[in-house]
């Protein structure tokens, strides 16, 4: 809040736009994002962040307001992508558009409209090599727990929770296209989520792999 | 139609929205939330939350319509500019 004493400055005096860019860009790359290709626009956003740094002590998002609650406010320190990853994946950009998804070619398209699309979205979930061949990998997308499995070049995604007693299928035993739940051995086809137990199939999700990165499509970004 | 804009002085989309409204000759009431202090600031944040469900800017209120972000097309549609 403006009426509080000035907070401790988190960056050295004289920090520049170029310094922020050099610090943020390698980090957001790990999240599948890059700097907006509209450099003038990106520069304008970062320049705003420098002003905010001088005023508020840290690089808070220029498009969001600090609430004064430190737990809330850490979620709007740029780059805020980790805290809104599903939403930003769906929007294909961060809130300001300073960062856009790696696969967006023209950053100009990502400026202005900031509304979350309805319906299914594709979310970056893991690297192929993170998935051990005979075991699954548990990932969380929104509130969903998803188990990823790999056989050869194929990757499959299904609900991580066994319908018997909610055992974690990602920790189960994989043989061919079948996973055995680690708790009581219920079996599911990793391609279809089908089990021989009645009314107990688990949900599956479409998967695509591009350049070694696994993308999973889920019905809605934030559910 | 009453037009109200909740903005942050630091936000590029807020600046774009202001520029757009001014160029279109639209009269609007401006609240720059980050420049307020104390209870006024809190009241404005609460208002923005209740209107838009979040604390992201800009928030444009035109009659019954609420537009979050600089969505030029929707602003044009709603204001008929």
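Considering only residues of region A:50-72 that are within 8 Å of chain B (Cβ to nearest Cβ) and assigned to a helix (DSSP H, G or I), which is surrounded by the fewest Cβ atoms within 10 Å (Cβ to Cβ)?
The qualifying residue surrounded by the fewest Cβ atoms within 10 Å (Cβ to Cβ) is A:51.
Tally time: how many residues in region A:35-49 are away from every other protein chain (no Cβ under 13 Å), touching a helix residue (DSSP H, G or I) at 6+ places or on another chain (Cβ under 7 Å) and outside any loop (DSSP other than H, G, I, E, B)?
To start, the set of residues in region A:35-49 that are away from every other protein chain (no Cβ under 13 Å) comprises A:35, A:37, A:39.
This time we only want the ones that are touching a helix residue (DSSP H, G or I) at 6+ places or on another chain (Cβ under 7 Å), so: A:35, A:37.
Next cut, outside any loop (DSSP other than H, G, I, E, B) only: A:35.
Going through region A:35-49 one residue at a time, the tally reaches 1.
Identify, please: which residue in region B:36-51 is within 11 Å of another protein chain (Cβ to nearest Cβ), surrounded by 16 or more Cβ atoms within 10 Å (Cβ to Cβ) and part of a helix (DSSP H, G or I) and is, among those, farthest from the chain's Cα centre (by Cα)?
Filtering region B:36-51 down to residues within 11 Å of another protein chain (Cβ to nearest Cβ) leaves B:36-42, B:44-46, B:48-49.
So of that shortlist, the ones also surrounded by 16 or more Cβ atoms within 10 Å (Cβ to Cβ) come out as B:36, B:41, B:44-45, B:48.
Next cut, part of a helix (DSSP H, G or I) only: B:41, B:44-45, B:48.
Values: B:41: 15, B:44: 12, B:45: 12, B:48: 9 Å.
It comes out as B:41.
Is it the case, given these coordinates, that residue B:55 is under 10 Å from the mean Cα position of the chain (by Cα) and within 14 Å of another protein chain (Cβ to nearest Cβ)? Spell out how you get there, then give the answer.
Details: under 10 Å from the mean Cα position of the chain (by Cα): no; within 14 Å of another protein chain (Cβ to nearest Cβ): yes.
Spelling it out, it is not the case that residue B:55 is under 10 Å from the mean Cα position of the chain (by Cα) and within 14 Å of another protein chain (Cβ to nearest Cβ).
For region B:71-81, which positions are more than 11 Å from every other protein chain (Cβ to nearest Cβ) and either part of a loop (DSSP other than H, G, I, E, B) or modelled with pLDDT under 85 (or both)?
Pass one, region B:71-81, residues more than 11 Å from every other protein chain (Cβ to nearest Cβ): B:76-81.
B:80, B:81 - these are the residues of region B:71-81 that are more than 11 Å from every other protein chain (Cβ to nearest Cβ) and either part of a loop (DSSP other than H, G, I, E, B) or modelled with pLDDT under 85 (or both).
How many residues, within region B:8-19, are crowded, with 17+ Cβ neighbours inside 10 Å and more than 10 Å from chain A (Cβ to nearest Cβ)?
Number satisfying all stated conditions: 1.
Of all residues in region A:169-198, which are loosely packed, with under 14 Cβ neighbours inside 10 Å and without any contact (Cβ under 8 Å) to a residue 24 or more places away in the chain? Quick ask: steps written out before the conclusion?
Initial filter on region A:169-198 (loosely packed, with under 14 Cβ neighbours inside 10 Å): A:175-176, A:184-185, A:192, A:196-198.
Listed by number, the residues that qualify are A:175, A:184, A:185, A:192, A:196, A:198.
How many residues does region B:53-70 hold that are in contact with a strand residue (DSSP E or B) (Cβ under 7 Å, 6 or more places away or on another chain) and assigned to a strand (DSSP E or B)?
Residues that pass the stated criteria total 9.
Output the residues belonging to region B:21-35 that are crowded, with 18+ Cβ neighbours inside 10 Å and within 10 Å of chain A (Cβ to nearest Cβ).
Answer for region B:21-35, where residues must be crowded, with 18+ Cβ neighbours inside 10 Å and within 10 Å of chain A (Cβ to nearest Cβ): B:33, B:34.
Hey, among the residues in region B:4-29 that are touching a helix residue (DSSP H, G or I) at 6+ places or on another chain (Cβ under 7 Å) and not in a loop (DSSP other than H, G, I, E, B), which one's modelled with the lowest pLDDT?
B:12
Restricting the search to region A:127-150, which residues are surrounded by fewer than 21 Cβ atoms within 10 Å (Cβ to Cβ) and either over 17 Å from residue A:204 (Cα atoms) or at pLDDT below 90 (or both)?
Once the filter is applied, which keeps residues that are surrounded by fewer than 21 Cβ atoms within 10 Å (Cβ to Cβ) and either over 17 Å from residue A:204 (Cα atoms) or at pLDDT below 90 (or both), region A:127-150 yields A:127, A:128, A:129, A:130, A:132, A:133, A:134, A:135, A:140, A:142, A:143, A:144.
For region A:92-183, which strands (runs of 3 or more DSSP E) that fit wholly inside it have 2 or more residues that are away from every other protein chain (no Cβ under 14 Å) and within 27 Å of residue B:55 (Cα to Cα)? Show your work before the answer.
Values: elements: A:99-101, A:121-127, A:137-141, A:144-151, A:154-159, A:173-175, A:178-180.
Where strands (runs of 3 or more DSSP E) fall fully within region A:92-183 and carry at least 2 residues being away from every other protein chain (no Cβ under 14 Å) and within 27 Å of residue B:55 (Cα to Cα), they are A:99-101, A:121-127, A:137-141.
The values are calculated or read from the model by the stated rules, or taken from the named source; none is laboratory data. All of these numbers come straight from a predicted model, not from anything done at the bench. Methodologically, a virtual Cβ is constructed for each residue, glycine included, from the backbone with ideal geometry; neighbour enumeration extends over all protein chains shown.
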